[in-house]
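To keep things clear, I will list the structure first and then write my remarks on it.
The values are calculated or read from the model by the stated rules, or taken from the named source; none is laboratory data. Predicted, not measured: the structure shown is a model, and the values here were computed from it. Backbone-built Cβ (ideal geometry, glycine too); neighbour counts: all protein chains shown. Protein only, heavy atoms only, side chains kept; ligands, DNA and RNA dropped before computing areas. Shrake-Rupley method; radii C 1.70, N 1.55, O 1.52, S 1.80 Å.
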Amino acid sequence: MHRRRPACPLSNLCSYYGDGMTLEQILTALHTEPAWARHITAWHQVPERPGRYEPIPGDVDGRLASALRSAGIERLYTHQAQAFEIARSGRHLVVVTPTASGKTLCYNLPVLNTLLAAPQTRALYLFPTKALSMDQVDELQTLVTALEADIKAATYDGDTPGAARRAIRTAGHVVVTNPDMLHAAILPHHTKWLRLFENLRYVVVDELHTYRGVFGSHVANVLRRLRRICRFYGSTPQVIFTSATISNPKELAERLLEEEVALVDDNGAPSGPKVIAFYNPPVINREMGIRRDALSEAGRLAGEFIRNRIPLIAFARSRRACELLTTRFRAVASGHQIPPERIAGYRAGYLPSERRAIEKGLRNGNVLAVAATNALELGIDIGRLQAALLVGYPGTVASTWQQAGRAGRTQDLSAAILIATSDPLDQYIVRHPEYFFGQSPEAGLVNPDNLYILTSHVRCAAFELPIESGERFGPSTLPEVLDYLQSQRIVHREDGRWHYVADAYPAQDVSLRSASTENVVIIDTTDPAPRVVGEVDLASAPGLVHEDAIYLHLGQQYHVDRLEWEERKAYVHRVEVDYYTTAQIAVDIRVLAEFAPGAADGRAAAPGRPHDGMVRGGPAHGEVVVTYRPTIFKKLTLEQHENVGWGPIHLPESTLHTTAYWLALPELPVPQHELQGLLIGLSHSLAHVAALFLMCDPRDLGRTYEVHSPHTDRPTVFLYDAYPGGVGFAERLYRMHHQVLSAARDLIAACPCDSGCPSCVGPVLEVGSTGKALALEILDARLIPDARR
């Protein structure tokens, strides 16, 4: 069958220019063609910035200076020279400059200079992902080769062969790894790394801005354990952090390291001009507030870049969205005689060999367009991309700038376009672009003294070396933690030292990134020889690989035939269907302890000792247990997302012990179905604006409600920290109670829908015809006035 060529959305300019439009011409079309321009809410032009330079310092080894010049580096950017000067003085430092500003040389220069002068010196590089580790080793190895010096740099991760591991332990000058391997494979076996720890001079921690929340809290404890082992072997390494732009880099680095850190943030690198645009898809149903699907709009817009062979990256917020975009991009490419292999997807769950092939294709230009999750947000070298599409607000100002910066790694024109979804946070951002462009990037927040996290790492530390009485490891509560571990027969005190006595290997039970250390392996049984095609973390498995789910991988659809939960295996076969699946998870919540109960009139009482909940009105925060129960899945069409079927999910419950903020409403004389709609609407709007005030990813917060809470005896909305033990979000929400309520009210009032939509209180089919009006009424008449008292 002859396939009709897709119509060009930029029709007028396409007819003028024909095929082969430049990026500048496409941007002109977007900004002037009414079909697109009327939906652009922001058009921000970042001017070209010239570079600022300093000579290569005179005390840089001559061989290293020559190698730099042979690589085309005749002089340093000012921030690179400043970083070298601070590193030479022996102080810890953090370098904070934008993407593609040469941060790598800020640590490679002092490390290599020291290694040339003292070959016994060792350095440890920590990157948050294996892909980034591989990329940085390649860059370092290029410089080492030019030096013609005996400096060995190698990656040590889960893919490193056994023979290579032994060689790296004994002879590696620069060991490149990730925090997970340091935690589980290096520190517990420190006696095998004698040469590294005795001579460790530098520790490099790249992508500092990623070490926040639960991951950052774990990594802070891993660094405590690392420095403890270094003291045992007589070394005191200097730490060099690098980071994309965040508002508190010095504070975050010092929180992770627990020592003073010097700040380098005056960027001297040049950059080309960039256009950053916000695009809000048109409303197609005003009564319900439904906008044209962001994925469809991304496919239409990407078609212009792909058709004109302009290298493109598109960021999606989920694995499923990433795969759907990949499918759309390949359909566009086929209509313009572009081979499908020039279009790629990239996300967690791909096999290492698949990811590395895609990275190589981006660097050498074989891959024209890639749809990715935030797995490509970090500083992996992905070639000279000219355009970035952000399909949905990434969740934070910092991540948005980071993703936008993945296009334009040269001094040529580049573009980044944010395509809003109907999500309330997206709508707030595109309707208030001044908030985004006037807002400093978020603070990186960690809580390394979270009791769950701290206790886990005290166990690991005791396994590595006995803990001396009076030794400092985090907060002053260490003795109580050790007493608890002794009661659990994990440690034993003898002669003033705490010894690890349990049988289990503790690090294998502690995941730095999630509540679970386990994954579910996905096995394709289509062919006679079954093969592993990917994996998902245990927490995500109920929603992604339940029986009869459609699992997407590299643009290929797979039907899940069965999920062996106990064996952590999902068996699938390849299919081609016109729908995808989405799971519904029921959430129950139980309050264990209330730390700041609200007064009966809605005013917050002063925080203090835990209470029993006798005073039950208004806002409060405390400890809760959340129970997740998968219930059903829906089949939704790929194009229109229409529901064409459903089925039950039979999987066990899971629980989360965490912290929550809750708001008990006054008694309302409305029918229960209207009250339920009000609670759905309030929880929907509060959860999204709360993410703005917390400056966190919306996925860091969970939400639920109870029509009649057993704890408050009132209708109650709960916002809970999505991580075990919590990282402090609940208490901060309690303290920002009034601001959050006011912002939720503004979000709802400004929405043009009649009775509710996904952009304010949620779809009218969920909140009912009165949900939006009741939410505004309760906020205006009762909650906000009470909060102001």
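If R0 is 56 Å, the Cβ-Cβ spacing of residue 353 and residue 476 corresponds to a FRET efficiency of close to 0.70.
Based on Cα contacts under 8 Å between residues 6+ apart, the chain shows a relative contact order of 11 percent.
Sorted largest first by accessible area at a 1.4 angstrom probe radius, with every protein chain in place, the residues 579, 156 fall in the order 579, 156.
The residues of the stretch 53-264 expose, per residue, 35 Å² of accessible area to a 1.4 Å probe. Applying 0.36 nm per residue to the separation of residue 46 and residue 74 and subtracting their alpha-carbon distance, the gain on full extension is 7.4 nm. Using a probe radius of 1.4 angstrom, the carbon and sulfur fraction of the accessible surface of the chain is 50%.
Looking at the square roots a ≥ b ≥ c of the eigenvalues of the Cα gyration tensor of the stretch 53-264, which shape do they give, rounded for a/c under 1.5, prolate if a/b is larger than b/c, or oblate?
It is oblate, given that a/c is not under 1.5 and a/b is not larger than b/c.
Note on residue 707/residue 657: beta-carbon distance plugged into 1/(1 + (r/R0)^6) with R0 of 22 Å gives a FRET efficiency of 0.35.
Overall form of the stretch 449-568: prolate. Here a/c, set by the Cα gyration tensor axes a ≥ b ≥ c, is 1.5 or more, and a/b is the larger of a/b and b/c. Computing percent of Cα pairs over 54 Å apart for the structure here picks out one of (1) 11; (2) 41; (3) 51, namely (1). Label-to-label distance for residue 63 and residue 501 is 5.3 nm, based on points extended 7 Å past Cα in the beta-carbon direction. Annotation: per residue accessible area for the stretch 298-346 equals 29 Å², rounded to a whole number [probe 1.4 Å, protein chains only]. Shown is the FRET efficiency for residue 91 and residue 309, computed with R0 = 51 Å from the Cβ-Cβ distance and rounded to the nearest 0.05: 0.60. Spacing of the modelled spin labels on residue 167 and residue 637, each 7 Å from Cα toward Cβ, amounts to 5.8 nm. Ordering 543, 589, 42 by Cα displacement along the dipole of the chain toward the positive end leaves 42 in first place; charges were set at the Cβ atoms of Lys, Arg (+1) and Asp, Glu (-1).
For the stretch 272-437, rounded, prolate or oblate, judged on the Cα gyration tensor with a ≥ b ≥ c (square roots of eigenvalues), a/c < 1.5 rounded, else prolate if a/b > b/c? The partial results should precede the final answer.
Values: a/c = 1.64, a/b = 1.37, b/c = 1.19.
Here the stretch 272-437 falls in the prolate category.
On full extension, the segment bounded by residue 334 and residue 198 gains 43.2 nm, given 0.36 nm per residue less the C-alpha separation.
Near residue 241, the amide H atoms lying under 5 Å from its own belong to 93, 94, 95, 205; only residues 5 or more places off or on other chains count, and H is placed 1.01 Å from N. In plain terms, the chain from residue 449 to residue 493 could stretch by 13.6 nm, reckoned as 0.36 nm per residue minus the Cα-Cα distance. Surface calculation, 1.4 Å probe, protein heavy atoms: residue 198 sits at approximately 90 Å² accessible. Summing +1 for each Lys or Arg and -1 for each Asp or Glu among the other residues whose beta-carbon sits under 12 angstrom from that of residue 256 gives +1. Excluding ligands, DNA and RNA, the accessible surface per residue across the stretch 475-553 is 52 Å² with a 1.4 Å probe. Taking the charge dipole of the chain about its Cα centre, with +1 at Lys and Arg Cβ atoms and -1 at Asp and Glu Cβ atoms, the residue from 666, 427, 31 reaching farthest to the positive side is 31.
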